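Quick note: the coordinates plus some simple rules give every number you see, no bench work behind them. Computed from a predicted structure; not experimentally measured. All Cβ positions, glycine included, derive from the backbone under ideal geometry; neighbour counts span all protein chains shown.
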Amino acid sequence: MLEERWEHHLFFLRETRCIMIKLIAADLDDTLLDRDAKLSHENKRAVAEAAERGIVFTISTGRMFQATAPFGMELGLDLEQPVICYNGAMIRRLSGETLYEQSLPSEAAGTIVEYGQARGWTINAYFDDELYVRTLNQDVKDYAQRIGVDATAVGDLAAFIQDGDKKLSKLMVISEPEQTLARIEELRPLVGEDVLLLRSRPRFIEITNANAHKGGALMWLAQSLGFKAYEVMAIGDSNNDLSMIKMAGIGVAVANASQEIQAAADHVTAANYEHGVALAIREIALKAE
């Protein structure tokens, strides 16, 4: 069925002469990065090949900017190149210039942190591209080490956020896998429609402004560059990639993606540990007529 959808999509694009891909966006973890959270030579080479053809490549991730920029630099992207961070809450050039931002509503952020803190939840708060937590427990230490950032313990996290009415890019609740869905349902009645609650990985609940998602940020970026949606290819694996896979002209899922993502995609490429992004770039974007 996926192959039939893919063939139909290619036929439509060829018939309308809109097959040329001008912008590629790829998620980082479990998509562009391998099992060791590294960039493979194959993926780096394919990105360079796309650049040689004049195709813009960007990263679209839930990570902080400071945990994203090193990969952009390793890929050889220009300092003026924008990357999408915090699940679409921020677009920032590798030089550090912020182009687009959708902060989490302050009242909702305070409500979530107070509620979770009272129940002993581990909550990450992202402010001014820094990570703040109540205490440096093992979950925080493991997370910070994995993405290569420092975490600052502030004690009362709710009070820290409310002091100066800080505008957060994102909150993240770290839970056991069996707890995440139940905690999302606990939080929904507290925040209303202004907040997006998303299970991005088995242990992670990502919380952003309702208007902050990868699909919206990617379309904003495409328009700012003068590209149409049908000229965009998006590649991902997880629930936080769904919006950009649906909004892009060609949505691609890596083979290790969830079933929901694979079903929504126009094409399924190889797994992240088999250089799926490189394969998609060469088999789709670089073969476009």
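The packing ranking of peptides 156-165, 141-150, highest mean first, is 156-165, 141-150, where packing means the average number of other beta carbon atoms within 10 angstrom of each residue. Projecting the Cα atoms of GLN145, ILE123, MET20 onto the charge dipole of the chain, computed from C-beta unit charges around the Cα centre, puts MET20 farthest toward the positive end.
Normalised by the number of residues in the range 106-209, the average gap of Cα pairs under 8 Å and 6 or more apart makes the relative contact order 29 percent. Within the chain, DSSP assigns beta bridges of which about 60% are antiparallel (rounded to the nearest 5). Taking 7 Å steps out from each Cα toward its Cβ at ASP78 and THR152 produces label points 3.4 nm apart. Over all directions, the projected convex hull of the C-alpha atoms in the chain averages 14.3 nm² in area.
Peptides 69-75, 178-184 ranked from most to least packed, by the mean per-residue count of other Cβ atoms within 10 Å: 69-75, 178-184.
Per Stokes-Einstein, at 37 °C and 0.692 mPa s, what whole-number D in µm² s⁻¹ belongs to the range 106-209, with the Kirkwood radius over Cα pairs as the hydrodynamic radius? D, rounded to a whole number, is 241 µm²/s. Peptides 43-52, 168-177 ranked from most to least packed give 168-177, 43-52, packing being the mean of other C-beta atoms within 10 angstrom over each peptide's residues.
Its relative contact order, with pairs defined as Cα atoms under 8 Å and 6+ residues apart, puts the range 104-153 at 27 percent. Our summary gives the chain a relative contact order of 22 percent, counting only alpha carbon pairs under 8 angstrom and 6 or more residues apart.
Modelled label positions at GLU97 and GLU260, each set 7 Å beyond Cα in the direction of Cβ, lie 3.7 nm from each other.
Is the range 156-257 best put as rounded, prolate or oblate by its Cα gyration tensor, with a ≥ b ≥ c the root eigenvalues, rounded for a/c under 1.5, and otherwise prolate when a/b is larger than b/c, oblate when not? The shape class here is oblate.
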